[in-house]
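Inspection log for the structure reproduced underneath, given as structure tokens.
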């Protein structure tokens, strides 16, 4: 990486956390053969064994010190752990190493990145893909394919660092979108964090009702399955996400509740023409977005 | 049908409404070659032309009188139209004809069926499958495959009528579930109608926010897509459904809002341990149901 022309070719990349996201990244990078070495840090021994056995990584350890060799260090843990790990990574990373993360909220992470030593480069990252299952066992070399991958630069992020991050994203066939961290979190509250809480409340009601009628889940067809899918997401990952984007998420939940109350009242008062018109407008906006 | 042993073989079946559900039923029945004739009533000329051209039906008309020949009459229109059509169908159907419907709510339909002349048999039906797209163009011969198909008998529904309805359901590879109409509507409020309203409110908030930030829908990945999918459903169909199951739907919306408010407050107060535990319980209940 001393030669900027060289880009990522021959670089050593370290991935901290071999869950769904980190594991999928390792598999996607492995498939490209661009890197000399992929090394991984994970506390779980059986995960490390599995990743080594399938050839996803060249080296794996539970010792963070291993990342001191890497040119690029990817933090792929839940958001709270990313924030906690950053000072430790900063203390051991080699000069000019690039630190990037895969966390779903960006403002608090970018703030923590600002405190890294000046000899290290950093940029926030958020690949907008995922599954409701977690762990290396769910990892998929094609998870990132065609996904939008947001990059949230720090004030001090250099153009070269951005270019290398973009090269990494292109390598895994994702699409780079450079965006301010605050703006990222405001949008993600609506498109990602709100849907998760909405799905969770739905699943909570359904579980409660299933205690009243044992046949309830025999009725759960594709509509219920899709609307509740996000509720199965990893609880630690999701509570870190909503709590590091608290103000935006609460604001969107309040706006959501207001819309829900309006619809509830139209149903309660059996206002058929207004209700139908409202559903029609909403249906058209949904059809327009996913027309492609 | 004069010979009960004969069951459905050689019967003439009439489908009123060639939308997604009626059209898919015609295609599924056609594939089995069990029937002498499949006839269809639909007000839309191009739909009728299309259904005749692809061989889904043998005869099609906009004149309801055509159903007077049928042994089995299937009402496949939105719920309100089913209720409005029933007296007209009752007036012209042949003796011992069986009337069944595909509406998503059952209590009001079964009540309307009770007023049919005694010379006609009837049973409520609800196939628990669908798509967010509508119309004959979306019809699919495999839509009913493996779906649960609820049958809600009237007090006067005979065992023979139930057996014939069940034979029809088996023909299209769906699974019969005989259930009381009131119980059906109470369950469907949670598993089907609530998810639709929940998805609609989500889409309404997202549209509103998209006016604030033009990049919003660039962030809409699989999570948003799935959670909002039902919001694209046909507005007339859905307003008929929620309004004919009003008390149950409003009750479930109130319970849903209470759960959502609890989650919102845990986020607002940054109560990480309680929030994480709550998400964990919810995630486990979701994982348990869709483990298969």
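The values are calculated or read from the model by the stated rules, or taken from the named source; none is laboratory data. It should be emphasised that the depicted structure is a prediction, and the values quoted were computed from it without experimental measurement. Virtual Cβ from ideal backbone geometry, glycine too; neighbours counted across all protein chains shown.
The figures follow:
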| quantity | calculated |
| --- | --- |
| Residues being over 32 Å from the mean Cα position of the chain (by Cα) and either at the interface with another protein chain (Cβ under 7 Å from one of its Cβ atoms) or loosely packed, with under 14 Cβ neighbours inside 10 Å (or both) - total across the stretch B:266-292 | 10 |
| Residue in the stretch A:161-173 that is surrounded by fewer than 22 Cβ atoms within 10 Å (Cβ to Cβ), at the interface with chain B (Cβ under 9 Å from one of its Cβ atoms) and at pLDDT 95 or above present | no |
| Extreme residue, farthest from residue A:83 (Cα to Cα), among residues of the stretch A:147-160 that are in contact with a strand residue (DSSP E or B) (Cβ under 7 Å, 6 or more places away or on another chain) and in a loop (DSSP other than H, G, I, E, B) | A:147 |
| Failed item, numbered, when residue B:181 is tested on (1) more than 9 Å from chain A (Cβ to nearest Cβ); (2) touching a helix residue (DSSP H, G or I) at 6+ places or on another chain (Cβ under 6 Å); (3) farther than 20 Å from residue A:217 by Cα | (3) |
| Per-region count, the stretch A:206-219, residues surrounded by fewer than 24 Cβ atoms within 10 Å (Cβ to Cβ) and within 18 Å of residue B:281 (Cβ to Cβ) | 8 |
| Of the criteria (1) within 26 Å of residue A:249 (Cβ to Cβ); (2) in contact with a strand residue (DSSP E or B) (Cβ under 7 Å, 6 or more places away or on another chain); (3) not in a strand (DSSP E or B), which one residue A:176 fails | (3) |
| Pairs with Cβ under 6 Å, 6+ apart, first in the stretch B:205-232 and under 22 Å from residue A:147 (Cα atoms) and at the interface with another protein chain (Cβ under 7 Å from one of its Cβ atoms), second assigned to a helix (DSSP H, G or I) and modelled with pLDDT under 95 | B:217/A:289 |
| The stretch A:111-144, residues that are farther than 19 Å from residue A:241 by Cα, assigned to a loop (DSSP other than H, G, I, E, B) and in contact (Cβ under 8 Å) with a residue 60 or more places away in the chain | A:139, A:140, A:141, A:142, A:143, A:144 |
| Residue list for the stretch A:145-198, filter: closer than 21 Å to residue B:225 by Cβ and free of Cβ contacts under 8 Å to residues at least 12 places away in the same chain | A:187, A:191 |
| Per-region count, the stretch B:236-253, residues at the interface with chain A (Cβ under 7 Å from one of its Cβ atoms) and surrounded by fewer than 21 Cβ atoms within 10 Å (Cβ to Cβ) | 4 |
| Count - residues of the stretch B:83-132 that are under 16 Å from the mean Cα position of the chain (by Cα) and surrounded by fewer than 17 Cβ atoms within 10 Å (Cβ to Cβ) | 0 |
| Residue list for the stretch A:256-265, filter: at the interface with another protein chain (Cβ under 8 Å from one of its Cβ atoms) and either under 15 Å from residue A:196 (Cα atoms) or out of contact with any helix residue (DSSP H, G or I) (no Cβ under 8 Å at 6 or more places or on another chain) (or both) | A:256, A:257 |
| Single residue of B:57, B:99, B:89 found to be modelled with pLDDT of 95 or more and part of a loop (DSSP other than H, G, I, E, B) | B:57 |
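Rundown of residues vs (1) free of Cβ contacts under 8 Å to residues at least 40 places away in the same chain; (2) over 30 Å from residue B:108 (Cα atoms), yes/no style:
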site	(1), (2)
B:242	no, no
B:258	yes, no
B:264	yes, yes
B:281	yes, yes
B:287	yes, yes
B:291	yes, yes
